[in-house]
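Undergrad: Before I ask anything, here is the structure I am working with.
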Amino acid sequence: MTPEVYLLIAAKIKKELENLQALERELAAYGLYPAVTVGSVGGFGLTDAAVVRIVGSILHDYYTALEKIFETVATRIDRSLPRGETWHKDLLEQMTLDVPGLRPPLISAATARRLDPYRGFRHVFRNVYGYNLSPARVMELLKDLPGTATAVKDDLARFTSRLGELMGMTD
């Protein structure tokens with residue numbers, strides 16, 4: 001990998017981290033992040049279909065931003081993007097691999113386990129009508145998001161730093 005490729009990957013990770021922070025700010029504006037401190041949003045209870053759709057959309061976007069990072073690493077560094085029906089799950093697993101001579105793990109196996117429910121939810125969100133979303137499931141994912149977000153950010157910072165060291169480009 002060239003220094004230019006490394007710099008591009010680091011910039012793309014930074015951009016998606018900014019997108020994640022914007023999504024967190026959006027949830028915070030509703031009183032839903034980092035803790036749920038409200039019983040309603042816009043006059044609608046947290047289990048109301050409108051609120052579930054709003055929160056579901058943000059959770060969907062959150063995982064989508066992460067998957068963009070995964071795809072960047074898979075295509076730019078690994079040169080191997082999974083295919084087939086399970087490619088999203090396979091991509092998540094691929095990001096946990098330590099590939100000697102190529103790259104360190106992007107995320108830990110523990111972080112991948114935390115992210116897998118969000119990956120599954122993203123699939124559901126795209127494939128069912130919003131009124132079929134489970135309010136309990138959405139709230140469960142929302143409440144777990146702060147811990148998951150911290151784990152992801154720690155892993156991404158570690159990856160970027162380690163990759164920079166391997167490239168001889170330390171800050």
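Values quoted throughout were computed directly from the atomic coordinates according to the rules given, and no laboratory measurement underlies them. Fair warning: this is a prediction, and the values are worked out from it, not measured in the lab. A quick note on method: Cβ atoms are made from the backbone with ideal geometry, for glycine too, and the neighbour counts reach across all protein chains shown.
Undergrad: Given points 7 Å out from each Cα along the Cα-Cβ axis, report the Thr86 to Arg137 separation in nanometres with one decimal.
TA: Each label point lies 7 Å from its Cα, and together they span 2.0 nm.
Undergrad: Work out the charge dipole of the stretch 3-166 with +1 on the Cβ of Lys and Arg and -1 on the Cβ of Asp and Glu about the Cα centre, then indicate which of Tyr129, Leu141, Leu115 is farthest towards its positive end.
TA: Working it through, the farthest residue towards the positive pole turns out to be Tyr129.
Undergrad: To continue, here is another question. Within the stretch 40-109, list the GluC sites (Glu not before Pro) lying in a DSSP loop whose Cβ has at most 15 other Cβ atoms in a 10 Å radius.
TA: When the GluC sites (Glu not before Pro) of the stretch 40-109 are filtered for loop state and at most 15 Cβ neighbours within 10 Å, Glu85 remain.
Undergrad: Within the stretch 92-109, name every residue whose backbone N is under 12 Å away from a label modeled 7 Å from Cα of Val5 along the Cβ vector.
TA: 102-103
Undergrad: If each DSSP helix of 4+ residues adds -39,500 (n - 2.57) and the sum is divided by the residues in the chain, what number results at 222 nm, nearest 500 deg cm²/dmol?
TA: -22500 deg cm²/dmol
Undergrad: Once you put a point 7 Å from the Cα of Lys14 and another 7 Å from the Cα of Thr96, both along the Cβ direction, what distance in nm separates them?
TA: 3.0 nm
Undergrad: Right, another one. Relative contact order of the chain, please, whole-number percent, based on alpha carbon pairs below 8 angstrom and at least 6 residues apart.
TA: In percent, rounded to a whole number, it is 28.
Undergrad: Which whole DSSP H helices in the chain pass both tests: a Cα extent of 18 Å or more along the axis and a mean Kyte-Doolittle value no lower than -1.0?
TA: Counting only whole DSSP H runs, the qualifying helices are 3-29, 49-73, 109-127, 135-166.
Undergrad: Loop only per DSSP, at most 11 neighbouring Cβ atoms within 10 Å: give me the trypsin sites (Lys or Arg not before Pro) in the stretch 20-88, ordered by residue number.
TA: Of the trypsin sites (Lys or Arg not before Pro), the ones in loops of the stretch 20-88 whose Cβ has at most 11 other Cβ atoms within 10 Å are Arg79, Arg83.
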